[in-house]
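Visitor: Sharing a structure with you now.
The values are calculated or read from the model by the stated rules, or taken from the named source; none is laboratory data. Only a predicted model underlies this, so the values are computations on that prediction, with no experimental measurement involved. Positions of Cβ are generated from backbone atoms using ideal geometry, with glycine treated the same way; all protein chains shown enter the neighbour counts. Heads up: the accessible areas ignore ligands, DNA and RNA and are worked out on the full protein's heavy atoms, side chains in. Shrake-Rupley method; radii C 1.70, N 1.55, O 1.52, S 1.80 Å.
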Amino acid sequence: MKSIVSAKKKKERQYGVIWGAPNASVAKREYAPGQHGQRRKKPTDYGEQLAAKQKLKTYYGNVSEKQFHKYYVEAIRRSGDAAENLIGILESRLDNIVYKAKFVPTIFAARQFVNHGHVLVNGKKVNIPSYMLKAGDEIEVRAKSKQLPMVIAALESTARDVPAYIELDAKKAVAKYAFVPKLDDIPYASVMQPNMVIEFYSR
């Protein structure tokens, strides 16, 4: 557990606050992570784009590079703004909605929770964290899993709010993915720059 907390702090020193409330002592340090961290240098355009990509991947639970690039390809294939499309794809992952609906405390727990078969989508068990939801889909914690201490604690927690694009019935542990959100709809703890991610892959 200690190593996981340490790793999260290291990520937040690299990319700024990612999941929780801003923490000046961690996010605003002027030196890089590590025992011998040096003062930060002004990044190049490429460096800024790479950091934006890594930060977005980290936020959604360290999505693999192969899968993340696949999402980029799909985002530019669709009509409309590619950056907004990318965000819509990432938000539509089942593990993300399980986390945003407060069924579990972290995005990493959400991936494991789905893998272990605790989640139903429209009444059917789905154990693929990257499963793509559509607007109107209903996500429910399986009956025998609703009494798990982790689920009860997460639903009762006031540390974060359920976003507007998820309609939650906390008592039943049922959520509806009401609509695919835009960038401005998502309660990120810090600024995300999907446009830079598009630029990175378009180089």
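Visitor: Would you pick out the residues in the range 112-159 that are closer than 30 Å to K66 by Cα, more than 18 Å from the chain's Cα centre (by Cα) and of a type in the set (K, R)?
Guide: K124, K125
Visitor: It is to be established whether one or more residues within the range 130-137 are among the polar types (S, T, N, Q), open to solvent by 10 Å² or more (accessible area, probe 1.4 Å), touching a Lys or Arg at 6+ places or on another chain (Cβ under 9 Å) and at pLDDT 95 or above.
Guide: Among the residues of the range 130-137, at least one is among the polar types (S, T, N, Q), open to solvent by 10 Å² or more (accessible area, probe 1.4 Å), touching a Lys or Arg at 6+ places or on another chain (Cβ under 9 Å) and at pLDDT 95 or above, which makes the answer yes.
Visitor: If you don't mind, another one. Answer yes or no: is there a residue in the range 115-132 that is more than 20 Å from Y72 (Cα to Cα) and without any contact (Cβ under 8 Å) to a residue 12 or more places away in the chain.
Guide: yes
Visitor: Within the range 76-87, count every residue that is within 15 Å of P194 (Cβ to Cβ) and surrounded by fewer than 24 Cβ atoms within 10 Å (Cβ to Cβ).
Guide: Total satisfying the criteria: 8.
Visitor: When you look at A143, is it over 24 Å from I89 (Cα atoms) and of a type in the set (A, V, I, L, M, F, W, C), yes or no?
Guide: yes
Visitor: Next up: Can you confirm whether the range 154-175 contains a residue that is among the polar types (S, T, N, Q), farther than 28 Å from A51 by Cα and open to solvent by 60 Å² or more (accessible area, probe 1.4 Å)?
Guide: yes
Visitor: Separate question: Determine, yes or no, whether K134 is in a helix (DSSP H, G or I) and among the charged types (D, E, K, R).
Guide: no
Visitor: Out of all the residues in the range 188-199, is one or more open to solvent by less than 40 Å² (accessible area, probe 1.4 Å) and on the phi > 0 side of the Ramachandran plot?
Guide: Taking every residue of the range 188-199 in turn, none turns out to be open to solvent by less than 40 Å² (accessible area, probe 1.4 Å) and on the phi > 0 side of the Ramachandran plot.
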